[in-house]
Amino acid sequence: MNIPLYSSAISGIDFSPHKAEAKLGIDFQFKIEKGEKWERTGRISDHGCGMFTGYRDLNSLLTILENTVESFRQLGADDFDLTMEVLHDGQCNFELTSESLARISKLGLGIAISTYEDENYIIQNLTESKRVGP
């Protein structure tokens, strides 16, 4: 079984995810403001960051980004990451359509791809990730 999960991080030294949520009516699944402490590392963040995580449908996430990327830039975001994690319990095959690749390219983004072969990891992430679309 192969399960793709998509996420995107939006960040910048002058970017405030809380302000972006209030202005754009969106909800990041994770956010940290400049000056807050990262839980995992204990380091103080030198930038603001908001993340959309756990999308099973790339097109839904791309639609959100297409509708908000310019506004994020106006709000101080200057770094945009798009990630695909493929969870699998055997052979790992996946495909990105030419339409999806064109949309990603038009946004000026690359896409980082990671694969994980671990049945427990799949179960954990499917339990935590119920987001199929907006």
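Bear in mind these aren't lab numbers, they're just calculated from the coordinates by the rules spelled out. On a predicted model such as this, the values are computed, not experimentally measured, just so you know. A quick note on method: Cβ atoms are made from the backbone with ideal geometry, for glycine too, and the neighbour counts reach across all protein chains shown.
Some notes on this structure:
- LEU109 being closer than 14 Å to PRO4 by Cβ and in contact (Cβ under 8 Å) with a residue 12 or more places away in the chain: no
- Residues in the stretch 40-89 that are polar (S, T, N, Q), in contact (Cβ under 8 Å) with a residue 12 or more places away in the chain and surrounded by fewer than 18 Cβ atoms within 10 Å (Cβ to Cβ): SER45, ASN59, SER60, THR63, SER71, THR83.
- Flag if ILE3 is in contact (Cβ under 8 Å) with a residue 12 or more places away in the chain, within 17 Å of the chain's Cα centre (by Cα) and surrounded by 11 or more Cβ atoms within 10 Å (Cβ to Cβ): yes
- Members of the stretch 85-100 found to be part of a loop (DSSP other than H, G, I, E, B) and not hydroxyl-bearing (Ser, Thr, Tyr), listed by number: ASP89, GLY90, GLN91, CYS92, ASN93, PHE94, GLU95, LEU96
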